[in-house]
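Notes follow once the structure below has been shown.
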Amino acid sequence: TQTVAAIAAGLTAVAAHSAATARVNGELAAVDEEARLTQEAIACKEAEVKALEEALAQERAKKEAEERAHAEATAKAQEDAAKKEAIEAARRKVAEEKAKTEAELAALEAQKAQLLQAREAEAARAREEAEARAAAATAAAMEEAEAKLRHETPPGGSRVETLRRLFEGDASSRMKLDEADTGSSGSGSTTARRRRKGKGKTPERPRRPAGGHPHDSDPFFTASDGDERGR
């Protein structure tokens, strides 16, 4: 009976131990489940944190790109403003240079006009002086010719005949001079050599045409005493 009781007590103890073990195993299983759930929650939280970090990195990159774009736009705007200011300064300088050049050209044109006026005045004065000298020379030549004609023309003679005699005398003197030059010894006289070379050539006097002397129709030479044609 004691043995049975001891066995029964042992079985009871074993059952109690088994129940305790089962309870402990149940608690361990619950702890494991809770740990698994906790690990899953931690994994979810880590995934959420990673997603947030990626979103934050993307946002940071986007913000940095916007800042760079803004900085580039600001720099470009400043560069454009500097270029515009440089262009405006160049335009102002060109305008100033143009105005200065136009003023210089106007001054040069005025100076040119003054020089042209002065040159025209000088040319007109020179022409007047030349005309006056030519007129004086012509008058002197005419007076000399008139005096010579009066001296060479006998009283009651013809001035035309006197002119013919004078021209014929000049022609004969010229022929005698030519004969003297060609008759010299050696290669000829200096005058003849100059004639052969074309230097120092004595200009020929106008020859009398067949219809009479050119002065025959000039009242200055034909209006002399004793000349019927002049009268």
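Odds and ends about this structure:
- Residues located in the stretch 137-153, provided they are among the hydroxyl-bearing types (Ser, Thr, Tyr) and either in a helix (DSSP H, G or I) or exposed (fewer than 10 other Cβ atoms within 10 Å of the Cβ) (or both): Thr138
- Within this structure, Ala9 passes the test of being assigned to a helix (DSSP H, G or I) and more than 60 Å from the chain's Cα centre (by Cα).
Coordinate-derived values only; no laboratory data. From a predicted model like this one, the values you see are computed outputs, not experimental measurements. So basically every Cβ, Gly included, is an ideal-geometry build from the backbone, and we count neighbours across all protein chains shown.
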